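Input: a single structure, listed below in structure tokens.
The values are calculated or read from the model by the stated rules, or taken from the named source; none is laboratory data. These figures come from a predicted structure and were not determined experimentally. Using ideal geometry, Cβ is built from the backbone for each residue, glycine included, and neighbour counts are taken over all protein chains shown. The accessibility values were calculated without ligands, DNA or RNA, using every heavy atom of the protein model including side chains. Shrake-Rupley method; radii C 1.70, N 1.55, O 1.52, S 1.80 Å.
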Amino acid sequence: TSVLTPDEADEILGLLREHPELGLRPCGFIDSPPLASAPGLPVLGGPADLAEVVARHAIRRVIVCFPADRDEELVSVLGDCRGPRVDICVVPRLRGLGTAVPRACLDEIWGIPLVPLRQGRPATSMFLKRAFDVAAAAILLVLAAPLLGVLALVIKVRRRHSVLFRQARVVGRGRLAEIIKLRTLGSHPDADTCWVVPTRQLTPLGNWLRTTHLDELPQLINVLRGDMSLVGPRPERPYFAEKFGREIPRYDDRHRMRAGLTGLAQVHGLHGDTSIHERVRFDNFYIDNWSLWLDVVILARTLATVAGAGRTGKAPVTG
């Protein structure tokens, strides 16, 4: 069963009807804006309806043919319906020039190449990621416990405030959690809506904790509780998450995966007051190409950079 977009799809529709041995029975079109009729098949809705159409008609394959929609809009729509039971294939725009995709990865309809998109990750992959998070976070927390104890004592003696700073962050789609950090300054009335904390408000100790990002160590507890992962998009405050979601394409797509203590954007220097557009690009690339090995590499780079920051005083990559 297939859903086709009307643009440039007549040829594929004819081939599917001429060759039933291919095992695909056309079901309908998706178009934007929805048309009243289409050549021989019903129009099932617009792109925004795709996930619902796939579920309602038990669609097994979606073939995307030169859609009129902007690519960034279509990416989000296709991502919502992608899963282990649905194949999504794209007809290359310049199919007459061939493709760099290995032949073993391609599909075809009577000589017309199709480029399959990655399917959604099976549940076992996320189980492995969670198991790795728990094991690695527990080990790191045990190793860091003496340092955390010393830092907590120094903060308590010098600042006479509560040692821990707690703040609500967006850690996934529709999910908030209270993130824990070591306190680096006193009361801050605009902590939820102020993008950058002025350096003058930080004590030398607080500045050092932020520079080395040792203030992030208590978030290992968040990882153990299941609020966060060791690696993933950094959690953001609700005020800014809503703002960026309105202004930046694909920002909300980064909420497909649990927020992380560090991430691919951070190991590329995108932390603090840096480009949110570029962070979104790295975060979504990480989610689309996730593997356990990639998590290990990002963690190793993070630990190496933090260790270097402790020696040189330069900003690290975990924030």
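Brief remarks follow.
- For Gly45, the residues whose amide H sits under 5 Å from its own are Asp31, ignoring neighbours fewer than 5 places away on the same chain, with H placed 1.01 Å from N.
- Overall form of the stretch 123-226 per C-alpha gyration tensor (a/c, 1.5; a/b vs b/c): oblate
- Here the Karplus relation 6.51 cos²θ - 1.76 cosθ + 1.60, evaluated at θ = phi - 60°, turns the backbone of the stretch 213-219 into coupling constants of 6, 5, 5, 7, 4, x, 5 Hz, with x for every Gly and Pro.
- His161 - accessible surface, heavy atoms, 1.4 Å probe, Å² rounded to 10: 70
- Computed label-point distance, nm, for sites Glu178 and Phe127 using a 7 Å Cα→Cβ extension: 3.2
- Per-residue SASA entry for Leu185, accessible area with 1.4 Å probe, Å² rounded to 10: 20
- Solvent-accessible surface of protein heavy atoms, probed at 1.4 angstrom with all chains present, puts Lys181, Lys129, Lys243 in the order Lys243, Lys181, Lys129, largest first.
- Share of carbon and sulfur in the accessible heavy-atom surface of the stretch 195-304 [1.4 Å probe, %]: 58
- With DNA, RNA and ligands ignored, accessible area of Arg279 (1.4 Å probe; Å², nearest 10): 30
- Ranked from largest to smallest solvent-accessible area, with a 1.4 Å probe on the protein heavy atoms, Asp10, Asp253, Asp87 come out as Asp10, Asp87, Asp253.
- In this structure, Ser162 and Glu242 have a Cβ-Cβ separation that, at R0 = 22 Å, corresponds to a calculated FRET efficiency of about 0.20.
- Ranked by how many other beta carbons lie within 10 Å on average, peptides 259-269, 220-230, 143-153 from highest: 259-269, 220-230, 143-153
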